[in-house]
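We did not get these values from a lab; they are worked out from the coordinates using the rules stated. Keep in mind that what you see is a predicted model, and the values were worked out from it rather than measured. Cβ atoms come from the backbone with ideal geometry, glycine included; neighbour counts cover every protein chain shown.
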Amino acid sequence: MLLRTPRTVTAHTPWRILPSRAHSSHAAPPSFAPTGSTSADTEVPYGDPSLASSAYLPRKDGAPPLTPEEQRATSEAPPLTPRQKRVLERIIRVDQAGELGANYIYYGQHAVLNRGKDKHAADLVQAMWDGEKKHIAAFDKLITQHDVRPTALYPLWKAMAFGLGAGTALMGKRAAMACTEAVETVIGEHYNEQLEQLKKDMPDHPSIPLLEKILTEFRDDELEHLDTAVANESQQAPAYALLSAVIAGGCRWAIGATSRV
Ligand SMILES: [Fe+2]
Ligand SMILES: [Fe+2]
């Protein structure tokens, strides 16, 4: 079972998650800083000061400045033992590549669905894609801060992820949602495994608890994407079981390859 931060569910919670809520574990849709782009060639969103990820994102005028502790947490690379370095580098390299892939999956899905008649499906995918822009922008900063070598497989992941997104969207909205469900299930599990690794023998430095909070926030975002996919009939996709197994297996293989290359 996937662990997640408990959310308040009221009797009025709609079954079908609205696009404006679908991108994140918080309600406000993102807005984007006027300059800059991420390694996934997407816009950089402004940070929401109520969320941990805001420490790495541009701040809107009037937002509270970073505290000295947050400045330290976002600018220093702590001294690490060889084992700690291996663990931290693997987490950040794999997650940055995974978020790059997620952006390109939604890019591919949106490119197809936006040309069709089902604008609701295109909007749904756009809302989830906007959430992924926050994730990749934060990991682009983390990879620099901790001096982690990015994966050498960028071009391959971009092409494969765009193809997966476009290919499933060409099979229809339900197949696109089945793709989202499979990918986000694997990514949710993966974030939970990483959170366990960070609890063991890591240095006493403010960057580590901040990273834990960010992984938790992003894990919850991914699981909200999963819920959105299920609410939008992912499990009624043609050849659902086979499609899910192939995509989830591909994601696990990609995580393994990225951790080494
Ligand atoms: Fe993501
Ligand atoms: Fe996601």
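Observations, loosely collected:
- Sites listed here are GluC sites (Glu not before Pro) in the range 47-128 whose DSSP assignment is loop and whose Cβ has at most 14 other Cβ atoms within 10 Å: GLU76.
- Percentage relative contact order, the chain, counting C-alpha pairs under 8 Å, at least six apart: 28
- Charge dipole (the range 80-260, unit charges on Cβ, about Cα centre) - positive-most of TRP253, HIS225, ALA237: TRP253
- Stretchable slack from ALA77 to SER31, in nm (0.36 nm times residue separation minus alpha-carbon distance): 13.6 nm
- Range of Cα positions in the chain per principal axis (Å), largest first: 51, 42, 37
- Charge context of ARG93, other residues only, Cβ under 10 angstrom, K/R +1, D/E -1: +1
- From most to least packed by mean Cβ count within 10 Å, the peptides 250-256, 104-110, 78-84 give 104-110, 250-256, 78-84.
- Net lengthening on full extension, ILE208/ALA159 (0.36 nm per residue, minus Cα-Cα): 14.4 nm
- In degrees, nearest ten, helix 240-260 long axis to first principal axis of the chain (Cα): 20
- Separation between Cα centres of the range 108-160 and the range 64-80, rounded to whole Å: 26
- Amide H within-cut-off set for PHE32, under 5 Å, with H built and near neighbours excluded: TYR46
- Estimated from the Cβ-Cβ distance and a Förster radius of 35 angstrom, the FRET efficiency linking ALA152 and ASP201 is about 0.80.
- Within-11-Å neighbourhood charge of ALA237 [Cβ basis; K, R +1; D, E -1]: 0
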